[in-house]
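The values are calculated or read from the model by the stated rules, or taken from the named source; none is laboratory data. All values derive from a computational prediction rather than experimental measurement. Every residue, glycine as well, gets a Cβ built from its backbone with ideal geometry; the counts of neighbours run over all protein chains shown.
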């Protein structure tokens with residue numbers, strides 16, 4: 001293991017890079033000799049990740065990649081297109097498999113981000129439905145490409161208000177700690193010698 005690269009949106013980037021984020025904890029656990037780059041950007045959509053982060057990640061020749069995106073696709077559109085999202089995610093996984101064949105790629109579903117947001121009932125229902133549909137697409141695409149997926153939507157922690165920041169959307173420090181524990185469990189399973 002020489003290089004870990006994290007791709008995605010604010011779930012991965014964190015709102016305050018000076019505060020611990022879940023990818024930081026993964027990097028720490030991999031040891032001081034592992035290069036770590038967090039390329040995630042607050043507000044990034046899946047299109048942004050594909051267009052602006054993927055090529056840079058591949059230039060770094062990573063051994064481990066976490067790629068989590070899609071929540072902003074749902075939040076920024078009244079009619080988010082899960083089909084387009086699935087195609088983009090599939091293209092990204094295909095490119096990572098082709099251009100970084102020895103790298104372990106991990107992804108995740110999002111928790112129900114509508115649960116603690118201050119939304120009107122129709123908006124809440126739209127966001128909750130969108131996240132269900134996008135998470136289902138992520139599961140299908142990950143399964144098709146053999147990418148291990150961490151389940152965030154139905155996880156008990158997703159119902160715990162303390163795992164969300166004051167805005168009700170982004171992870172709190174506890175949320176980042178929880179995500180780190182879950183991702184590290186997945187990383188250890190994948191990197192365990194056969």
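Candidates are the residues of region 146-162 that are free of Cβ contacts under 8 Å to residues at least 40 places away in the same chain and farther than 24 Å from residue 89 by Cβ; the one that is surrounded by the fewest Cβ atoms within 10 Å (Cβ to Cβ) is 156. The residues listed here are 78, 107, 66; of these, the one that is more than 22 Å from residue 164 (Cβ to Cβ) and touching a helix residue (DSSP H, G or I) at 6+ places or on another chain (Cβ under 9 Å) is 78.
Given the structure, is residue 152 touching a strand residue (DSSP E or B) at 6+ places or on another chain (Cβ under 6 Å) and either outside any helix (DSSP H, G or I) or over 14 Å from residue 67 (Cα atoms) (or both)? Yes, satisfied. Note on region 55-78: residues that are under 23 Å from residue 171 (Cβ atoms) and either over 18 Å from the mean Cα position of the chain (by Cα) or in a helix (DSSP H, G or I) (or both) total 7. The listed residues are 143, 188, 124, and the only one of them that is in a helix (DSSP H, G or I), out of contact with any strand residue (DSSP E or B) (no Cβ under 7 Å at 6 or more places or on another chain), surrounded by 15 or more Cβ atoms within 10 Å (Cβ to Cβ) and without any contact (Cβ under 8 Å) to a residue 12 or more places away in the chain turns out to be 124. Here is a check on your reading of the model: is residue 43 under 23 Å from residue 126 (Cα atoms) and over 11 Å from the mean Cα position of the chain (by Cα)? Judged against the criteria, residue 43 is a match.
The set of residues in region 163-179 that are crowded, with 20+ Cβ neighbours inside 10 Å, in a helix (DSSP H, G or I) and modelled with pLDDT of 85 or more comprises 175, 176, 178, 179. Checked against (1) within 15 Å of the chain's Cα centre (by Cα); (2) under 22 Å from residue 40 (Cβ atoms); (3) at pLDDT 95 or above, residue 136 meets all criteria but (2). Note on region 107-121: residues that are touching a residue at least 60 places away in the same chain (Cβ under 8 Å) and either buried (at least 21 other Cβ atoms within 10 Å of the Cβ) or farther than 24 Å from residue 51 by Cβ (or both) total 1.
Filtering region 79-96 for residues that are assigned to a loop (DSSP other than H, G, I, E, B), over 14 Å from the mean Cα position of the chain (by Cα) and crowded, with 19+ Cβ neighbours inside 10 Å leaves a non-empty set.
Only a single criterion out of (1) part of a loop (DSSP other than H, G, I, E, B); (2) loosely packed, with under 14 Cβ neighbours inside 10 Å; (3) modelled with pLDDT of 95 or more is not satisfied by residue 51, namely (1).
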